[in-house]
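This report concerns only the one structure given below.
The values are calculated or read from the model by the stated rules, or taken from the named source; none is laboratory data. Just so we're clear, the structure is a prediction, and the values are computed from it rather than from any experiment. We place every Cβ from the backbone using ideal geometry, glycine too, and count neighbours over all the protein chains shown. Quick note on the areas: whole protein, heavy atoms, side chains included, nothing else; ligands and nucleic acids left out. Shrake-Rupley method; radii C 1.70, N 1.55, O 1.52, S 1.80 Å.
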Amino acid sequence: MARRKFSAEPHAPKYRQVLETLSREILSGKYRPGQKFPSEAALVQQFRTSRITVGRAMRELAQRGLVERVAGSGTYVRDVQAAQDGLVFGLLIPDLGHTEVFEPICRGIAAAPQASRHALLWGHAAADGTPAETQALQLCEQFIRKRVAGVFFAPLETGERVRETNLEIVARLEVARIPIVLLDRCVAPYPDRVTHDLVGIDNRRAGYMAAAHLLSLGVRHLAMVAYAGSAPTVQARIAGFREALLANGVPLERGPVWQLEAITEATVRPMLGHRIEGRGFVCANDRTAGQLMQVLLAMGYRISGDVRIVGIDDVEYASLLPVPLTTVRQPCREIGEAAMAAMLDRIERPGGFVRDILVECSLIVRESCGA
């Protein structure tokens, strides 16, 4: 019998090579639904490997829903479409309810055209004083015990051990062989990358767009405002802000970045300098922009007559602020839909390339920028 050529990555473990090769053959239609699959003894001969290796690959094929093992009869190929029916996915989003973007993203996941056959397990941090890191790990373990088909994971943003916790969650899901789709941000600091698909926006581009818009309106005293200890997405937005300054010939020292513990009159006053004319602020998100706007109005400044403001996200209340907010729209529903498509594609093609799926963001012009 001719030796089977592996089509999986050659440096992968032997069982993984067998698994990915058989998965592709099933999904490509080489084996018909209901057809009896070759026995483990036959596969041992074809792949010239051990019975343990083949057995492990077969168990994972069954876990993926590609084959069905019938006691006393053998192993049979399942219908690929039926294999993706009725899957249960976990939503591991510790910041759900604390930010304005994740709830619409979750609604987008649930409303995706491919989601109608599947179920979502919602999880959120309880208000009992337990640290968010502990709750996130507990939720991860619940999903592992329930053997969910995949997990949508929005990494923790703040906490004493936030980075370690995010990496621990990913490691536990990897050991359980549960596919992961990351929402909004990676768990590793740039430029490091974990080997899981990520769906979000190009945050650097969002920061660039916001700054370039104010510069195009003649603002030459520009600053970026963010909270200290923010997520990596905010750092990417800051990088985009700085790139826009350089691209428009504005020295970086004329475009300071203020990362504040709180937004109050005491922290805002130093940002205004001696002259208020021609000042503009790019805020890391709409919540920061709204808080800055409230403080400036209380101080007697006019938005946008004295100060111009642009946010990022376009949350639901952005147009309802005292001065409707110009902002870069993060299309949360579309991000959710793309995440569901990415998850189902990852289940169907587990050995495919790892992707950053960036949904297009757009500038929404309202009154706060003075345009």
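Restricting region 103-122 to residues that are assigned to a helix (DSSP H, G or I) and touching a strand residue (DSSP E or B) at 6+ places or on another chain (Cβ under 8 Å), which is surrounded by the fewest Cβ atoms within 10 Å (Cβ to Cβ)? Step by step, filter region 103-122, then rank; the result is E103.
Scanning region 145-178 for residues that are at pLDDT 90 or above and hydroxyl-bearing (S, T, Y) yields a total of 1. Picking from residues in region 247-267 that are at pLDDT below 95 and of a type in the set (A, V, I, L, M, F, W, C), the one that is surrounded by the most Cβ atoms within 10 Å (Cβ to Cβ) is V250. Search region 272-290 for residues being assigned to a helix (DSSP H, G or I) and among the hydrophobic types (A, V, I, L, M, F, W, C), and hand back the single one that is surrounded by the fewest Cβ atoms within 10 Å (Cβ to Cβ). Result: L272.
Of everything in region 329-345, what is assigned to a helix (DSSP H, G or I), touching a residue at least 24 places away in the same chain (Cβ under 8 Å) and open to solvent by 30 Å² or more (accessible area, probe 1.4 Å)? Give them in sequence order.
Listed by number, the residues that qualify are R333, E334, E337, A341.
To keep it simple, each residue is scored yes or no on (1) at pLDDT 80 or above; (2) in contact with an Asp or Glu (Cβ under 8 Å, 6 or more places away or on another chain); (3) within 30 Å of P155 (Cβ to Cβ).
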{"site": "S28", "(1), (2), (3)": "no, no, no"}
{"site": "P38", "(1), (2), (3)": "yes, no, no"}
{"site": "R69", "(1), (2), (3)": "yes, no, no"}
{"site": "Y76", "(1), (2), (3)": "yes, yes, no"}
{"site": "V80", "(1), (2), (3)": "no, yes, no"}
{"site": "V88", "(1), (2), (3)": "yes, no, yes"}
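Within region 33-47, residues that are farther than 15 Å from R69 by Cα have Cβ atoms under 7 Å from residues that are among the charged types (D, E, K, R) and open to solvent by 50 Å² or more (accessible area, probe 1.4 Å) in these pairs: V44/R51, counting only partners at least 6 apart in sequence or on another chain. Among the residues of region 140-196, none is identified as surrounded by fewer than 20 Cβ atoms within 10 Å (Cβ to Cβ), acidic (D, E) and under 14 Å from the mean Cα position of the chain (by Cα). Remark: pairs (first residue in region 191-216, assigned to a loop (DSSP other than H, G, I, E, B); second residue open to solvent by 40 Å² or more (accessible area, probe 1.4 Å) and not aromatic (F, W, Y); Cβ separation under 7 Å; 6+ apart in sequence or on different chains) = T195/V354; H196/V354; I201/L358; D202/L358.
E100 falls short on exactly one of the conditions (1) open to solvent by 70 Å² or more (accessible area, probe 1.4 Å); (2) in contact with a Cys (Cβ under 9 Å, 6 or more places away or on another chain); (3) not hydrophobic (A, V, I, L, M, F, W, C), and that condition is (1).
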